[in-house]
Amino acid sequence: MPIPIDHSKPVRKSAKESAFIQLQQWIIDGTLQPGEKLNDKELAEALGVSRTPIRESLQLLEAQGFVKMYPGKSTRVTQVEEESMKDLLPPLAALQALAAELAVPHLTDAVISLLENTNEQFAQAVQAKNYFQALKIDEEFHQIIVDTANNPYLSNMIPFLQAHVRRLFFHISMILTEKSIKEHTAIIDYLKNRDTAGAADNMRKNWLRSIEDFRPLTSKQL
């Protein structure tokens, strides 16, 4: 039979990559709790891989601050510190502002339309008080700009910081308010006008103001 040649090919992940992604997600969403002792044999059995990719993944997770390895003793999930938000958001804000600046020369009508549609979805989630969905869509909004900037170094650094923001949401929680909707709209307007400085400045303010919105939620609000 004829085989199509213009289809997108699946991206294959190594055992280490797959294990890393899954372990990181379990740490972020609390499946693996802060302070929990990790057993590489049990994790290998759960993920259907050998212990080698698990150990390699744990080393990467330690480098990213998600686990702490005690040689000859144990490996444990790191604690979640609410105060770390004040250290986390400023560098993320700076990188996101740079992404907005670099995205300007690559903007198209399609990108602007996608940002507007995404912000509309974000607004609906915020107004419905679906904070988990709002955070997810907020990430999508900013990722569009990062992708448009087309800078591989930013594309590698930002997800690392974003993962820690996501973890803080699950464990302590963040409320994204209607202020964020207006700030997204302003960012889009500056991008439309090809105002590099304005887009970067408003992007930075959007992230830094999120520190004000960082407060505990009840389980009912989630």
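Going down the table (41/73; 16/41; 13/41; 68/205), which pairs top 24 Å between alpha carbons? If you can, show how the numbers build up before the last one.
Working: 41/73 15 Å; 16/41 15 Å; 13/41 21 Å; 68/205 33 Å.
Check vs 24 Å cut-off fails for 68/205.
If you count only protein heavy atoms and use a 1.4 Å probe, how large is the accessible surface of residue 132, to the nearest 10 Å²?
Spelled out: residue 132, probe radius 1.4 Å, area about 90 Å².
Quick one: compute the contact order of the chain, relative version, from alpha carbon pairs under 8 angstrom and 6+ residues apart, as a percent. Numbers along the way, then the final one.
Details: 249 pairs, mean separation 53.5, N = 222.
Relative contact order comes out at 24 percent.
Residue 68: accessible area at probe 1.4 Å, nearest 10 Å²?
Rounded to the nearest 10, the figure is 100 Å².
At a probe radius of 1.4 Å, what is the per-residue accessible area of residue 16, in Å² to the nearest 10?
80
Can you sort 153, 131, 190, 70 by 1.4 Å-probe accessible area, starting with the largest? List each step's numbers first, then the result.
Numbers: 153 165, 131 25, 190 80, 70 105 Å².
Of 153, 131, 190, 70, the descending order of accessible area is 153, 70, 190, 131.
Can you list the residues, at least 5 places off or on another chain, whose amide H is less than 5 Å from the amide H of residue 67, using H built in the peptide plane?
Result for residue 67 returns 62, 78.
In whole Hz, what ³J(HN,Hα) sequence does the stretch 63-77 give by Karplus (6.51, -1.76, 1.60; θ = phi - 60°), x for Gly and Pro?
4, 8, x, 8, 9, 10, 9, 10, x, x, 10, 6, 10, 10, 5
Using C-alpha positions alone, give me the convex hull volume of the chain per residue in cubic angstrom. Don't jump to the answer; show the numbers that get you there.
Values: hull volume 37.1 nm³, N = 222.
Normalising the Cα hull of the chain by residue number yields 167 Å³.
Using a 1.4 Å probe on the protein chains only, how many percent of the accessible area of the chain belongs to carbon and sulfur?
Details: 6490 of 12510 Å².
Ligands and nucleic acids excluded, carbon and sulfur reach 52 percent.
What order do 45, 101 take when sorted by accessible area (1.4 Å probe), most exposed first? Don't skip to the answer; put the middle values down first.
Working: 45 130, 101 85 Å².
Listed by decreasing accessible area, they come as 45, 101.
Going from most exposed to least, what order do 166, 55 have by accessible area with a 1.4 Å probe? Walk me through the intermediate numbers first.
Working: 166 60, 55 110 Å².
Ranked list, largest accessible area first: 55, 166.
Report, to two decimal places, the Cα Rg of the stretch 118-173 normalised by 2.2 N^0.38 Å (N = number of residues). Could the numbers behind the result be given before it?
Details: Rg = 12.4 Å, N = 56, 2.2 N^0.38 = 10.2 Å.
Relative to the rule-of-thumb radius for its length, the stretch 118-173 sits at 1.22.
About the Cα centre of the chain, how large is the charge dipole given +1 on each Lys and Arg Cβ and -1 on each Asp and Glu Cβ? Please answer in debye to the nearest 20.
Values: 25 positive and 28 negative charges, 138 e Å.
It comes to approximately 660 debye.
Full-extension gain between residue 208 and residue 116, please, as 0.36 nm times their residue separation minus the C-alpha to C-alpha distance.
Numbers: separation 92, 0.36 × 92 = 33.12 nm, distance 2.17 nm.
Residue separation times 0.36 nm, minus the Cα-Cα distance, leaves 30.9 nm.
The values are calculated or read from the model by the stated rules, or taken from the named source; none is laboratory data. No experiment lies behind these values; they were computed from the predicted model shown. Glycine gets a Cβ as well: all are built from the backbone with ideal geometry, and neighbour counts include every protein chain shown. We work out accessible area using only protein heavy atoms, side chains counted, and drop any ligands, DNA or RNA first. Shrake-Rupley method; radii C 1.70, N 1.55, O 1.52, S 1.80 Å.
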